[in-house]
Each structure stands twice: as C-alpha cells, then as structure tokens.
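Trainee: Take this structure first; my questions come after.
Taken together, the values in this text are just the output of simple stated rules run on the coordinates, not laboratory data. Computed from a prediction, not measured in an experiment: that's the story for all the values here. All Cβ positions, glycine included, derive from the backbone under ideal geometry; neighbour counts span all protein chains shown.
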Amino acid sequence: MNLGEGDQVVNKLKLPSKKRLVLAITGASGMPYVVAALRYLKDKRDLELHCVISKAGELVMRQEVGWSLAELKQMTDHLYEETDLAAPIASGSFQFEAMLVMPCSTKTLSSIANGYSFNLVSRAAEVALKEGRKLVLVIRESPLSLMDVENMEKVIQAGGTIMPASPAFYTHPRTLEDAVNFVAGRALSAVGIENNLYQPWLG
Ligand SMILES: Cc1cc2nc3c(=O)[nH]c(=O)nc-3n(C[C@H](O)[C@H](O)[C@H](O)COP(=O)(O)O)c2cc1C
C-alpha cells in the first residue's frame, strides 16, 4: 500500500462530515419524482448523495424522462449499479442517515420485506433496517395484490415507512410539476430533508 492509498483508507474510516442519504431508483413508474428531488438536492452542500439504480430503473428512467446513466451521474455524488455488492452502502459499518427508495417497484418491495438481498438496493435497505436507520419506500403500483399489501405490512413492522406515490389536491396544484413536487417533497421530508417543494397544510 502506498501513502496515497493509506490516506484514502484513513479518510474512509473518518466519521462523515456531511449527512449521507442513499437514494435507490427502481423500475416502477415515477421518474419525474426522482428528477424533482435530485434538482432540489443538487445545491445542498451539507449532503452526500449515494445513488443506486436497478436495471429496470434505468429502463423506466430512459422511457419516462429520457435520462441516461451519464445524466443521472451528474446529479449525484456516487452512483452504483445494482450488481455492485461491494459498494460502501452494502455494509452496516458505512454510516448513512437514511435511505429513500423512489420509485419503489413491488418486486423491490418484496425483496426488502422478505430479506432477500439479491442486489445492492435490497442489501442497502436490509442494512438500513438492521441498523435502525430510516427507510422510506415510495411505492407505485395499482391495483395492489394481496402480496403487495402483506409485504408493505412487513416493512412497516420492521421499522420502515411506506409512502404511496399519491399527490394531494388540497394544495390546489395548477400544473403536473406542482403535483410531482408534492410527492417528491413529502418523500424528502420523510427522510429528514426539509425542503420547499410543497406547501405544508397550515389550516
Ligand atoms: C415502463 C414500465 C413501467 C413500470 N411500472 C411499474 C410500476 O409502476 N410498479 C411496479 O411495481 N413495476 C413496474 N414495472 C415493472 C418493473 O420494472 C419490473 O417488475 C422489474 O422487474 C422491477 O425490477 P426492480 O425492482 O429491480 O427495479 C414497470 C416496467 C416498465 C417497463
């Protein structure tokens, strides 16, 4: 090991100076929520964003918002493929504050609910649950099957939060962007990132 490598190891062992968020993008519909959240997070200097995207997530992202992996990479600090099981976020020894799975497919929901950590998304979610960290799943499917509902119940019992991707209308959204921002903003709030993407209800 040369000196440069030693420095890198020491730096990895230091406690994080910034808040770390894991964002997992899976192959459910809802990529505009990802775009809205990432645009908001881009200027947040106090946040280190670790992003992982599944193969199906890549496909749906290209289909819904036209983003390639290169475009996504520009919006994150670290981008991992789902097969990268050696990524830092796969280990409980790597500190992160919270994990947001948005959008979350029913397949990924099932893998998390049943502890079937076959890829980096489900493994990082397992880490979040076993380490008692915040885990929020923004689910998108309709209608739901009995298995989906049972899996959601399991995640809630394990300490996770299920957040259906459903905008509210009491805020009188005028554009699709308003409705998208509501869902993205509420999801960011759920992982502890206050934001101005939506208007909280003040009575
Ligand atoms: C255009 C498109 C939209 C999809 N939308 C959804 C969806 O809203 N919810 C869902 O659970 N699966 C959806 N799927 C299916 C998932 O992508 C598929 O089950 C995939 O295996 C999920 O893998 P992942 O969880 O590893 O990303 C969609 C697939 C495509 C191609």
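Trainee: Just the residues that are under 16 Å from the mean Cα position of the chain (by Cα) and more than 25 Å from Gly185 (Cα to Cα), please, taken from the stretch 85-109.
Mentor: Result: Ala87, Pro88, Ala90.
Trainee: Identify all residues within the stretch 157-203 that are more than 27 Å from Ser111 (Cα to Cα) and hydroxyl-bearing (Ser, Thr, Tyr); write none if there are none.
Mentor: Those that are more than 27 Å from Ser111 (Cα to Cα) and hydroxyl-bearing (Ser, Thr, Tyr): Tyr170, Thr171, Thr175, Tyr198.
Trainee: Only residues that are outside any helix (DSSP H, G or I) and more than 12 Å from the ligand (Cβ to nearest atom): list them for the stretch 47-71, please.
Mentor: Across the stretch 47-71, the qualifying residues are Leu47, Glu48, Leu49, His50, Cys51, Gly66, Trp67, Ser68.
Trainee: Applying the selection to the stretch 20-46, what residues are in a helix (DSSP H, G or I) and β-branched (Val, Ile, Thr)?
Mentor: If the condition is that a residue be in a helix (DSSP H, G or I) and β-branched (Val, Ile, Thr), then Val34, Val35 are the ones that fit.
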